[in-house]
Amino acid sequence: MITIHCGLHKTGSSSIQLALELCSTRGRTIVTPKPGDDRSEQGWRERLSKVSRAQHAVFSDENFLGSPYAGYQLAPERIAMLREALHGARYQIVVYIRPQLDWLPSVYLQSVQEGMTTGPEAFWASIKGQPYLRWTTLLDLLQRESSAERVIARAHTRSRDTVHDFFVQVGLGKPSRTGPTKIRENISIAAVQAPLLLALNSDTGFSGRERPYLRNTFQNILAAGARSGLSPFPVGIQVEIVEQFGSDWSELAELVASTDQAEATIVRESLALWRADPLPFAGSTLDAPLIREEMLRSLRTLASEVVVPSREGIRRRMAAKLRSDPRDFPAAVARALWRRSAT
């Protein structure tokens, strides 16, 4: 049996792929994303051809259905490609999904990490009308058009170890070196950090070589300790998301129940965990109170990381910079970080 794992984004796909790369092949061909992969139609066809020739294989790539930032617009043509490439083969599709109220903010933060400069209002306006953001519509496409023997929809929940769950679904046994916290590839920034990184993304003074250091700094140094429990979306957008997609998650439970009653129960239970009230908005400008608070926290964190003769002097100079020219502050910090990373 061939397994096609197509995400979705922000549901543990990077962790699944890392676990697949760490484990022995156990008699299966494993195809996961690699740096420099050809993302053209021909490139996708070549990778699918590799698994089509194997009796047992796992193909995992959350980008197969297209970009989440475009609402998976390419899903129909990619499924048609899959059906053609695997014609005559036995295969199943595995997809992990999470409530849109949790998923969309996470995807937006990921877009900021990847260098986009779109604010939350513009992001929502560009994506809210996309049909395949309704998971029932997307699953109907997979079931109706793919010719897969099974389409397995699994809920991505905080209590579920997605890596272990995937290995069980695929029949790979226990994943190597894994557990609830041992494999975690893609660390997300907090909502309160998004305006800071957005400002840096908009700064043209950084080269393509420097920008990965910015992302790495936010993910691996500044993310820990940032205030949680906030949304990158204003309250009005959060309400719109619930109004637009709340029924979709309920309908999804009924769709899943047709093949897996136990999983349908988990979907319904995760629906019950949806927040009744919107989360506080983190803010979207550098002078918003919570964003300024995060600037100061970042200052303290970065000052403690920099090895120099006088940390107190740096704190004073950075604090003065924050007071005198707060809008230039993120770029100033980033330049200092780049000098530190390059040494």
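The values are calculated or read from the model by the stated rules, or taken from the named source; none is laboratory data. Owing to the predicted nature of the structure, the values given are computational and were not obtained by experimental measurement. In this analysis, Cβ positions are derived from the backbone assuming ideal geometry, glycine residues included, and neighbour counts consider all displayed protein chains.
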Picked from segment 119-151 (must be over 20 Å from the mean Cα position of the chain (by Cα) and among the aliphatic types (A, V, I, L, M)), the residue surrounded by the most Cβ atoms within 10 Å (Cβ to Cβ) is ALA148
Quickly run through segment 67-96 and pick out the residues that are of a type in the set (Lys, Arg) and in a loop (DSSP other than H, G, I, E, B). ARG90
Neighbours by Cβ (under 8 Å, 6+ apart or cross-chain): first from segment 155-177, closer than 15 Å to SER14 by Cα and at pLDDT below 90; second exposed (fewer than 13 other Cβ atoms within 10 Å of the Cβ) and among the charged types (D, E, K, R): none
Going through segment 58-109 in order, the residues found to be among the aromatic types (Phe, Trp, Tyr), touching a strand residue (DSSP E or B) at 6+ places or on another chain (Cβ under 6 Å) and farther than 22 Å from VAL242 by Cα are PHE59, TYR91
Six or more apart or on different chains, Cβ atoms under 8 Å: show the pairs whose first residue is in segment 20-37 and outside the structural domain of PHE59 (by TED's automatic domain parsing) and modelled with pLDDT of 90 or more and whose second is of a type in the set (Val, Ile, Thr) and surrounded by fewer than 16 Cβ atoms within 10 Å (Cβ to Cβ). none
Filtered residues of segment 135-173 (kept if touching a helix residue (DSSP H, G or I) at 6+ places or on another chain (Cβ under 8 Å), closer than 13 Å to GLN92 by Cβ and not in a loop (DSSP other than H, G, I, E, B)): LEU142, VAL151, ILE152, ALA153, ARG154, PHE166
Check on TYR72, among the aromatic types (Phe, Trp, Tyr) and on the phi > 0 side of the Ramachandran plot: yes
Does SER298 count as in contact (Cβ under 8 Å) with a residue 60 or more places away in the chain, hydroxyl-bearing (Ser, Thr, Tyr) and either more than 30 Å from ARG160 (Cβ to Cβ) or assigned to a loop (DSSP other than H, G, I, E, B) (or both)? yes
So, in segment 20-41, how many residues would count as being of a type in the set (A, V, I, L, M) and within 23 Å of LEU109 (Cβ to Cβ)? 0
What do you reckon, is GLU305 among the charged types (D, E, K, R) and at pLDDT below 90? yes
Scan segment 214-225 and give yes if some residue there is in contact with a Lys or Arg (Cβ under 8 Å, 6 or more places away or on another chain), at pLDDT 95 or above and outside any helix (DSSP H, G or I), otherwise no. no
For segment 1-35, which residues satisfy the criterion of being among the hydroxyl-bearing types (Ser, Thr, Tyr), in a strand (DSSP E or B) and under 23 Å from the mean Cα position of the chain (by Cα)? THR3
